[in-house]
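Participant: Here it is, the structure in full.
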Amino acid sequence: METIYMILFLLPTIWVGPFWFFMLLEPGSDRANKWVEGNMLFIGPLVTYFVTIFVNPTGMIELFTGNPAEIMDTMVELLGTESGTVLAWAHFVAGDIIATRWMWRKSIENGLGINQIRLITFFGVMLMPLGLLLHILLNRK
């Protein structure tokens, strides 16, 4: 893998990590709440996404200019490239942290125990479908 794509692949994860750790380790603290309050947690994935498109715009251009009937084939080709993998990863990380922050806040609002909040937060980033399932099951009111 080219070095630029390796760096771009790691950037969103490294960026989101501190925000996620605060939600995980200090769920009810003012410090964690202040850290995740604004939109700073999305900057890493956003920058990565747009830098990747700037470095290699051909995949995205082909996606939008190709034959609509062949969009699945175009997606397979795009995702099978280094730039496509980085784009997908930035997309996943951004979506996971958005959903995890929402689940974390709802869990605190609903008065869940610290271990339940940590479980939802952990799986919200590490394995989103399981985190979402836990959120649904544990936040029943």
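Readers should treat all values here as calculations from the given coordinates under stated rules, not as data from a laboratory. Model, not experiment: these values are computed from the prediction.
Participant: Between region 1-35 and region 91-141, what is the separation of their alpha carbon centroids in Å?
Facilitator: Taking the Cα centre of region 91-141 as reference, the centre of region 1-35 is 16 Å away.
Participant: Also, quick follow-up: Can you compute the equivalent ellipsoid semi-axes for the chain, i.e. the square root of 5 times each eigenvalue of the Cα gyration tensor, sorted largest first and rounded to whole Å?
Facilitator: 33, 17, 11
Participant: Under the definition of Cα pairs under 8 Å and six or more residues apart, what whole-number percent is the relative contact order of the chain?
Facilitator: Values: 145 pairs, mean separation 39.2, N = 141.
So the answer I get is 28 percent.
Participant: Can I ask one more? Applying the Karplus parametrisation 6.51 cos²θ - 1.76 cosθ + 1.60 with θ = phi - 60° to the phi angles of region 23-33, what ³J(HN,Hα) value in whole Hz is obtained for each residue in order, glycine and proline being reported as x?
Facilitator: Each residue's phi maps through the Karplus curve to give 5, 6, 8, 10, x, x, 7, 5, 4, 4, 4 Hz.
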